[in-house]
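Enquirer: Below is a structure I'd like to ask you about.
The values are calculated or read from the model by the stated rules, or taken from the named source; none is laboratory data. Being a predicted model, the structure only gives us computed values, none of them experimental. Neighbour counts are summed over all protein chains in view; Cβ atoms, including those assigned to glycine, are modelled from backbone coordinates with ideal geometry.
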Amino acid sequence: MTTASSTTARAAPRRARARDSSARLLHQNGPTMTPTRPQIVHVSSAHPWTDNRVHLREAAGAAATGWRVRLIAVESDVGAEPTGVDVVTIRRRGRAARMLLSSAQAVGLAVRSGAPVCHLHDPELAWSIPLLRALGRRVVFDAHEDLPDQVISKAYLPPRLVPAARLVARAVVRVVSGADRVVAATETIARAYPSDRTVLVRNYPRLRDEEQIAAPTSERAPVVVYVGALNDARGGPLLSALVRSPEFPVGWRLDVAGGVSGTSAADLDQLERADSVPVRFLGRIAPEAARDLVLSARVGLVVFQPTAAHLASLPTKLFEYMAAGLPVVLSDFPLWRRLVGHLDCATFVDPDDPHAVARAIAAYAAEPALADRHGAAGRRAALDLFSWESEEATLVELYRGLLGSPGSRA
């Protein structure tokens with residue numbers, strides 16, 4: 001294990017070797033090189049340590065409130081600003097090895113941390129809930145997805161295995177229901193768990209000072225942006241067809257930032273190599289860099305396919321676009337229309353029609369006043385309705401119920 005000061009996210013030279021040499025402490029909260037016992041440990045064998053919800057919102061919010069917090073999560077190719085959270089990274093592995101090896105490794109590190117509260121973030125960690133509770137730990141499970149519906153859209157699952165996978169998902173939900181507390185990302189997810197032990201903490205973004213002084217939308221570069229993981233179900237093929245559409249506005253460019261999988265990966269790579277196609281693929285970038293990219297663009301895209309999971313989702317990127325003052329072109333889903341349709345901040349489109357998406361972007365290009373009006377309305381809604389600050393208060397209250405106030409002994 002290597003350690004480094006909390007003033008940098010880069011690991012310092014090797015100082016000591018941990019019992020598990022595949023894990024390393026990146027940075028910690030405090031001036032010394034010897035970490036103290038955390039009060040809360042966030043655990044993920046699937047998410048990178050730079051994850052927005054896991055680290056930069058939930059773990060960082062608890063640390064800012066005054067609790068000692070550790071995060072055990074997967075190594076990442078990108079960095080993040082220090083947050084006062086002790087970060088221990090584990091090796092990135094393939095899916096099967098991750099579920100078998102990484103989950104056991106992450107739970108083992110959580111047990112060794114001595115933290116009285118273990119906040120778990122992945123379905124593959126559900127097996128550890130009875131074990132951790134038997135060891136006297138208070139367990140919080142963070143339900144990011146509606147598991148039974150989510151498995152339907154997993155591209156790696158052969159159709160014949162989907163029914164069995166849904167049965168397994170329902171079993172996981174039953175095990176998770178035995179946690180001390182469940183944190184649900186949406187109302188739909190929350191309904192699957194005991195109401196007396198479940199709280200709703202939506203995936204809204206933190207507001208940034210940079211967004212308060214941003215230029216009006218019409219004064220920004222003619223760029224439409226998509227940030228986040230991209231695959232076929234999240235609109236990868238549509239984005240490839242979008243920039244080829246004759247209705248895509250002349251002089252505009254599509255910027256894509258995030259990991260890409262499925263058929264979208266090769267197609268976007270080929271598109272970027274073609275000089276005549278207005279697309280720039282940036283790959284994975286740091287969370288703050290992604291927010292800066294959004295802030296420099298003129299229109300944001302959320303064109304997911306209507307899978308069961310997506311129809312009930314609240315994608316963070318939607319609210320990040322709104323916080324940055326961008327008008328949004330998004331799939332015409334009933335939930336999303338109910339959520340923001342009355343706010344005059346978006347254009348709803350058929351996610352199977354790249355020409356309809358191109359026309360929506362072209363309308364913003366042709367009418368700067370429309371783009372400014374939608375962008376300003378979205379920004380107001382982000383300030384009033386869709387910011388992390390209100391959600392964080394719910395999570396802090398949950399921790400206070402398990403640990404007492406930050407200054408108390410734990």
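Enquirer: Filter the stretch 350-370 down to the residues that are touching a Leu at 6+ places or on another chain (Cβ under 9 Å) and within 17 Å of M322 (Cα to Cα) and list them by number.
Expert: Correct list: I361, Y364.
Enquirer: Residues that are among the charged types (D, E, K, R): which helices (runs of 4 or more DSSP H) entirely in the stretch 111-194 hold 3 or more of them?
Expert: Output list reads 162-176.
Enquirer: Now a separate question. Condition test on L314, is it buried (at least 23 other Cβ atoms within 10 Å of the Cβ) and out of contact with any Pro (no Cβ under 9 Å at 6 or more places or on another chain)?
Expert: It is false that L314 is buried (at least 23 other Cβ atoms within 10 Å of the Cβ) and out of contact with any Pro (no Cβ under 9 Å at 6 or more places or on another chain).
Enquirer: Just wondering, is there one or more residues in the stretch 94-109 that are closer than 26 Å to A184 by Cβ, assigned to a loop (DSSP other than H, G, I, E, B), out of contact with any His (no Cβ under 7 Å at 6 or more places or on another chain) and touching a residue at least 24 places away in the same chain (Cβ under 8 Å)?
Expert: Looking through the stretch 94-109, none of the residues is closer than 26 Å to A184 by Cβ, assigned to a loop (DSSP other than H, G, I, E, B), out of contact with any His (no Cβ under 7 Å at 6 or more places or on another chain) and touching a residue at least 24 places away in the same chain (Cβ under 8 Å).
Residues are listed down the side, and each one gets a yes or a no for (1) modelled with pLDDT of 95 or more; (2) of a type in the set (S, T, Y); (3) under 21 Å from A62 (Cα atoms):
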| residue | (1), (2), (3) |
| --- | --- |
| S103 | yes, yes, no |
| C118 | yes, no, yes |
| H121 | yes, no, yes |
| R133 | yes, no, no |
| F141 | yes, no, yes |
| K154 | no, no, no |
| R160 | no, no, no |
| A171 | no, no, no |
| R197 | yes, no, yes |
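Enquirer: Taking interchain pairs and intrachain pairs at least six residues apart, which have beta carbon atoms under 8 angstrom, with the first residue in the stretch 212-232 and in the same structural domain as G258 (by TED's automatic domain parsing) and the second of a type in the set (D, E) and not in a strand (DSSP E or B)?
Expert: The qualifying pairs are P216/D372; T217/D372; S218/D372; V227/E320.
Enquirer: Need the failing condition index for S177 against (1) in contact with a Ser or Thr (Cβ under 8 Å, 6 or more places away or on another chain); (2) in the same structural domain as A60 (by TED's automatic domain parsing); (3) not aliphatic (A, V, I, L, M), just the number.
Expert: Here S177 clears every test but (1).
Enquirer: Moving on. Could you look through the stretch 273-311, keep only residues that are of a type in the set (K, R) and surrounded by fewer than 23 Cβ atoms within 10 Å (Cβ to Cβ), and pick out the one that is farthest from the chain's Cα centre (by Cα)?
Expert: Of everything passing the filter in the stretch 273-311, R273 is farthest from the chain's Cα centre (by Cα).
Enquirer: Determine which single condition L71 fails, assuming it passes every other condition in (1) in a loop (DSSP other than H, G, I, E, B); (2) under 26 Å from A229 (Cα atoms); (3) modelled with pLDDT of 70 or more.
Expert: (1)
Enquirer: Look through A346, A312, A324 and report the one residue that is among the aliphatic types (A, V, I, L, M), outside the structural domain of L147 (by TED's automatic domain parsing) and without any contact (Cβ under 8 Å) to a residue 40 or more places away in the chain.
Expert: Just one listed residue meets the conditions, A346.
Enquirer: Report the residue count in the stretch 244-261 for those that are surrounded by 22 or more Cβ atoms within 10 Å (Cβ to Cβ) and either outside any strand (DSSP E or B) or out of contact with any strand residue (DSSP E or B) (no Cβ under 9 Å at 6 or more places or on another chain) (or both).
Expert: 1
Enquirer: Looking at the structure I just gave you, is R202 within 25 Å of L335 (Cβ to Cβ), touching a Phe, Trp or Tyr at 6+ places or on another chain (Cβ under 9 Å), modelled with pLDDT of 95 or more and basic (K, R)?
Expert: yes
Enquirer: Please go through (1) of a type in the set (S, T, Y); (2) in the same structural domain as Y226 (by TED's automatic domain parsing); (3) under 30 Å from A115 (Cα atoms) for Y399 and return the number of the only condition it doesn't satisfy.
Expert: Condition not satisfied by Y399: (2).
Enquirer: Within the stretch 344-357, is there a residue that is among the β-branched types (V, I, T) and out of contact with any helix residue (DSSP H, G or I) (no Cβ under 6 Å at 6 or more places or on another chain)?
Expert: Taking every residue of the stretch 344-357 in turn, none turns out to be among the β-branched types (V, I, T) and out of contact with any helix residue (DSSP H, G or I) (no Cβ under 6 Å at 6 or more places or on another chain).
Enquirer: Now for a separate question. Any residue in the stretch 284-293 that is under 25 Å from D350 (Cα atoms), in contact (Cβ under 8 Å) with a residue 24 or more places away in the chain and hydrophobic (A, V, I, L, M, F, W, C)?
Expert: no
Enquirer: Another question, then. Can you spot a residue in the stretch 126-135 that is closer than 26 Å to W336 by Cβ, aliphatic (A, V, I, L, M) and touching a strand residue (DSSP E or B) at 6+ places or on another chain (Cβ under 7 Å)?
Expert: Checking the stretch 126-135: not a single residue is closer than 26 Å to W336 by Cβ, aliphatic (A, V, I, L, M) and touching a strand residue (DSSP E or B) at 6+ places or on another chain (Cβ under 7 Å).
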